[in-house]
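Trainee: The structure is given below, and queries will be raised subsequently.
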Amino acid sequence: MGEFWPVADALGYLTGSWRVERTVRDLAGGAEGHFTGTTVFSPLEDGDGGLLHHESGTFVWQGAARPAERTLWFLPGETPGTSDVRFCDGRPFHGLDLTAGHHVADHPCAADLYRGEFTVYAEDHWRTVWRVGGPAKDLILTTDYAREEPTGRANT
């Protein structure tokens, strides 16, 4: 897809509404699923400068379509290009550093390990690839985000 696109202000870059397309591949069983929806990053009500990440859409797995949603917090990191990502109950999920336009993060979950690769390609397009491995799961989740209203702004 090309070179990485460095981001000077991670939370500023993410703010807004994004179209989401995700594929989920179960490497052990061979099943595939697909999520289509929207992710909105909006200011948290606490006024600390963090963002509420709310994703909603439809997940199709083995021919069955179901509504799906999730909520995360993206809190300010130590520098503007970084964020502390948490589950909506406050538990830590992973750190995020977009200053180079590319970041790898790990999240242990019971005996499984989630390894996320975050890549920013342009001001209006980024991707995550999560590889989930362990005794309970063997998955690859690839998500493309496209800004719903392109901004035409410089590196944020």
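The values are calculated or read from the model by the stated rules, or taken from the named source; none is laboratory data. Values in this document were obtained by computation on a predicted structure and should not be read as measured data. As a convention, Cβ positions derive from the backbone with ideal geometry for all residues, glycine included, and neighbour counts pool all protein chains shown. Accessible surface is based on the protein model in full, side chains and every heavy atom, while ligands, DNA and RNA are left aside. Shrake-Rupley method; radii C 1.70, N 1.55, O 1.52, S 1.80 Å.
Trainee: To the nearest Å, what is the center-to-center distance of region 87-156 and region 5-22, using C-alpha atoms only?
Mentor: With region 87-156 and region 5-22 each reduced to a Cα centre, they are spaced 11 Å.
Trainee: Roughly how many Å² is the accessible area per residue of the chain, as a whole number, for a 1.4 Å probe?
Mentor: Here the per-residue accessible area is 52 Å².
Trainee: Please list 3J(HN,Hα) in residue order for region 52-64, calculated via the Karplus relation 6.51 cos²θ - 1.76 cosθ + 1.60 where θ = phi - 60°; whole Hz, with x for glycine and proline.
Mentor: Result, rounded to whole Hz: 8, 9, 10, 10, 8, x, 10, 10, 10, 9, 6, x, 9.
Trainee: Let me ask another. Quick check on the chain: helices-only [θ] at 222 nm, where DSSP H runs of length 4 and up contribute -39,500 (n - 2.57) each and the sum goes over total residues. Nearest 500, please.
Mentor: Counting only the DSSP helices, I get -500 deg cm²/dmol.
Trainee: Along region 104-110, what does the Karplus equation 6.51 cos²θ - 1.76 cosθ + 1.60 (θ = phi - 60°) give for ³J(HN,Hα), rounded to whole Hz, x for Gly and Pro?
Mentor: Working through the residues one at a time gives 10, 10, 10, 9, x, 9, 6 Hz.
Trainee: Could you list the square roots of 5 times each eigenvalue of the Cα gyration tensor of region 43-156, that is, the equivalent ellipsoid semi-axes, sorted largest first and rounded to whole Å?
Mentor: Those come to 24, 18, 16 Å.
Trainee: Skipping prolines and chain starts, which residues have an amide H placed within reach, meaning under 5 Å, of the one on residue 99, given they are 5 or more residues away or on another chain?
Mentor: 7
Trainee: Continuing with this model, one more query. Take the Cα of residue 117, step 7 Å along the line toward its Cβ, and report every residue of region 91-106 whose backbone nitrogen sits under 15 Å from that point.
Mentor: Label zone hits: 101-106.
Trainee: Go through 5, 51, 130 and say which Cα lies farthest out towards the positive end of the charge dipole of the chain; charges sit on Cβ, +1 for Lys and Arg, -1 for Asp and Glu.
Mentor: 130
Trainee: Compute the distance in nm between two label points, each set 7 Å from the Cα along the Cα-to-Cβ direction, one at residue 38 and one at residue 15.
Mentor: 1.9
Trainee: Give the carbon-plus-sulfur fraction of the accessible surface of region 1-110 in %, rounded to a whole number; probe 1.4 Å, heavy atoms of protein chains only.
Mentor: Solvent-exposed carbon and sulfur of region 1-110 make up 56 percent of the total.
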